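Structure first, commentary second.
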Amino acid sequence: MASLKAQLALGALLTLCFTLLYTHEAMAQTKPSQISREVQQHIDKIAGCLTGPVVEKDAHDCRSLKDRMAEMHIPGVSVAVIHNGAIEWAQGFGVAQLGGKPVTTETLFQAGSISKPVAAMAALRLVQQGKLSLDSDVNQTLTSWKIPASTAAPGAIVTLRELLTHTAGMTVHGFPGYAAGAPVPTLVQVLNGEKPANTDPIRLEHPPGDQWQYSGGGYTVMQQLVLDVAKESFPQLLHDSVLAPIGMKYSTYQQPLPAELRGNAATPYNGDGTPVEGGFHTYPEMAAAGLWTTPPDLALYVIENQRSLLGKANHVLSADMTKQMMTAGKGNWGLGLSIGGAASNPFFTHGGVNAGFESLFVSYENNGEGAIVMTNAQGGSQLASEVMASIAAEYHWPDFHPIVRTTVKVDPAILARYVGSYELAPTFSIAVTLENGQLMAQATNQPKFAIFPESETEFFLKVVDAQLEFVKDDKGEVTSMILHQNGHDIKGPKK
């Protein structure tokens, strides 16, 4: 994406006018005096009744946002809702820091992996300008570092399209960041897994194009690629080519966050309500996890893409390039975005998790609807999903409503047979326990959750739309488990 400084004066003026218009629109929705009674009723209903993503039939589980925040030790939540192609309202709930000031629509949150689709626009702008290719070997363009040859994929080449769609076969799912005061590696050190980097080397572990496998490592390769082409800092590139043209005036990829912006940043918290050690972490992996933003700013990103598809607001990408970005491939993934919904009414979405920050956005492509929820605590993704479901119900979206399931009774003696550990991947297992007659499941590095029977062998979770199926042999012995989630079925033996 070209720098604003290099644009023609008229283009710069139009961009400025667009920025002022949309920023005013976003901020205007935050003033209670300008919120209509109808909109306030929407807000009250959404904040007054949250349910989990999965509910039992005939159950009436409904909790307020305030109660759920207290239960989950989440100090602050910020929400923006898009209706009919515009920001209808944006509001903060709770506090940016315990004992401190309230969350406002200008409070900054780390976006986590929501950084990826925004950063992808910068790479696609370079493609649009002819400076990058979606389907050429990225090693031909990389100069500061190159993807090493791999015995897992001899002679393989990796393309930008594969990096953006998580089909490049790259390692490293995500990044923990670096606490305040800790040494921060260079990008090349991250790519090579060299100290002080705290993650493994980013390498090819599967033949490119063979399968979908989420990889923050792949986006870090993309970051180096655009740096080698653009020859300017990543924060400056993203500001000039994406954030400023869209009007995202409160957003930045600067890592660490500059001192002058820290007073407006939310403090990150753990799931038990304690502050994240070292405060908000620094992420040199900016494309994968480095964006600081607000829900109203992300709403402008959403609106830009909605309008770009229609050819009405192509401030960053052309309508054709935006359509390519939204076209689903393996894993229902576009160029930086997860694609879902009906073919006649698709949506694009992404979640984000950094140390003490968890967020979610959803946007429909065709009808001008969407929402963004950002939180400043571990566990915020679950709360964001609950808020999103409440928004979906209030605004009559076709998707994201709670899934209704029916439970059955299962003999406790049968439940006891399922107790054990199931290895679904070399580094991922699910431990099943029986506690006071309730079957519980705990995945690697995750909390323990209750599971509920739909049949003698099929169980579901309420906190997420996922099912666990226990497999028996001819003798009735439990031999394995199948995890059904997001259209994927993963089987693992009982250990």
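Kindly check whether there is at least one residue in the stretch 386-409 that is small (Gly, Ala, Ser) and open to solvent by 40 Å² or more (accessible area, probe 1.4 Å).
Scanning the stretch 386-409 turns up at least one residue that is small (Gly, Ala, Ser) and open to solvent by 40 Å² or more (accessible area, probe 1.4 Å).
Looking at Val276, Val221, Val229, Val242, can you tell me which residue is at pLDDT 95 or above, surrounded by fewer than 18 Cβ atoms within 10 Å (Cβ to Cβ) and among the hydrophobic types (A, V, I, L, M, F, W, C)? Spell out how you get there, then give the answer.
Details: Val276 fails: surrounded by fewer than 18 Cβ atoms within 10 Å (Cβ to Cβ); Val221 fails: surrounded by fewer than 18 Cβ atoms within 10 Å (Cβ to Cβ); Val242 fails: surrounded by fewer than 18 Cβ atoms within 10 Å (Cβ to Cβ).
One residue alone meets the criteria, Val229.
If you scan the stretch 357-388, which residues turn out to be small (Gly, Ala, Ser), within 14 Å of the chain's Cα centre (by Cα) and more than 20 Å from Thr165 (Cα to Cα)? Give the steps one after another, and end with the answer.
In the first step, residues of the stretch 357-388 are kept if they are small (Gly, Ala, Ser); the result is 359, 363, 368, 370-371, 377, 379-381, 384-385.
Of the ones still in play, those that are also within 14 Å of the chain's Cα centre (by Cα) are 359, 363, 371, 379-381, 384-385.
Scanning the stretch 357-388 gives Ser359, Ala371, Gly379, Gly380, Ser381, Ala384, Ser385.
If a residue has to be touching a Leu at 6+ places or on another chain (Cβ under 6 Å) and assigned to a helix (DSSP H, G or I) to count, how many in the stretch 242-273 make the cut?
Initial filter on the stretch 242-273 (touching a Leu at 6+ places or on another chain (Cβ under 6 Å)): 244, 246-248, 251, 253, 264-265.
Restricting the remaining residues to those that are assigned to a helix (DSSP H, G or I) gives 244, 246.
Of the residues in that region, 2 qualify.
Yes/no per residue for (1) in a strand (DSSP E or B); (2) at pLDDT below 95; (3) small (Gly, Ala, Ser); (4) surrounded by 24 or more Cβ atoms within 10 Å (Cβ to Cβ):
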| position | (1), (2), (3), (4) |
| --- | --- |
| Ile74 | no, no, no, yes |
| Ile82 | yes, no, no, yes |
| Ile87 | yes, no, no, yes |
| Gln91 | yes, no, no, no |
| Gly99 | no, no, yes, no |
| Thr104 | no, no, no, no |
| Ile114 | no, no, no, yes |
| Ala119 | no, no, yes, yes |
| Leu126 | no, no, no, no |
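Can you tell me which residue is nearest to Ser133 (Cα to Cα) among those in the stretch 222-241 that are part of a loop (DSSP other than H, G, I, E, B) and free of Cβ contacts under 8 Å to residues at least 40 places away in the same chain? I'd like the intermediate steps shown before the answer.
Here is the first cut: in the stretch 222-241, the ones part of a loop (DSSP other than H, G, I, E, B) are 231-233.
Those still in the list that are free of Cβ contacts under 8 Å to residues at least 40 places away in the same chain too: 231, 233.
Details: Lys231: 17, Ser233: 21 Å.
Among those residues, the one meeting the criterion is Lys231.
So which residues in the stretch 147-190 are without any contact (Cβ under 8 Å) to a residue 40 or more places away in the chain and within 27 Å of the chain's Cα centre (by Cα), if there are any at all?
Result: Pro183, Gln189.
Would you mention how many residues in the stretch 158-197 are open to solvent by 40 Å² or more (accessible area, probe 1.4 Å), among the aliphatic types (A, V, I, L, M), closer than 23 Å to Pro117 by Cα and part of a loop (DSSP other than H, G, I, E, B)?
Of the residues in the stretch 158-197, 0 are open to solvent by 40 Å² or more (accessible area, probe 1.4 Å), among the aliphatic types (A, V, I, L, M), closer than 23 Å to Pro117 by Cα and part of a loop (DSSP other than H, G, I, E, B).
Residue check, Ala431 against (1) part of a strand (DSSP E or B); (2) more than 22 Å from Glu106 (Cα to Cα); (3) hydrophobic (A, V, I, L, M, F, W, C); (4) touching an Asp or Glu at 6+ places or on another chain (Cβ under 9 Å), all met but one. Which one?
Of everything listed in (1) part of a strand (DSSP E or B); (2) more than 22 Å from Glu106 (Cα to Cα); (3) hydrophobic (A, V, I, L, M, F, W, C); (4) touching an Asp or Glu at 6+ places or on another chain (Cβ under 9 Å), Ala431 misses just condition (4).
What are the residues in the stretch 464-489 that are touching a residue at least 24 places away in the same chain (Cβ under 8 Å), surrounded by 14 or more Cβ atoms within 10 Å (Cβ to Cβ) and within 27 Å of Gln211 (Cβ to Cβ), if any?
Matches in the stretch 464-489: Val464, Asp465, Leu468, Phe470, Ser480, Met481, Leu483.
The values are calculated or read from the model by the stated rules, or taken from the named source; none is laboratory data. Bear in mind that the values here come from a model prediction, so they are computed numbers and not experimental data. Neighbour counts run over all protein chains shown; Cβ positions are idealised from the backbone, glycine included. What goes into the accessible areas is simple: the full protein's heavy atoms, side chains included, and nothing from ligands, DNA or RNA. Shrake-Rupley method; radii C 1.70, N 1.55, O 1.52, S 1.80 Å.
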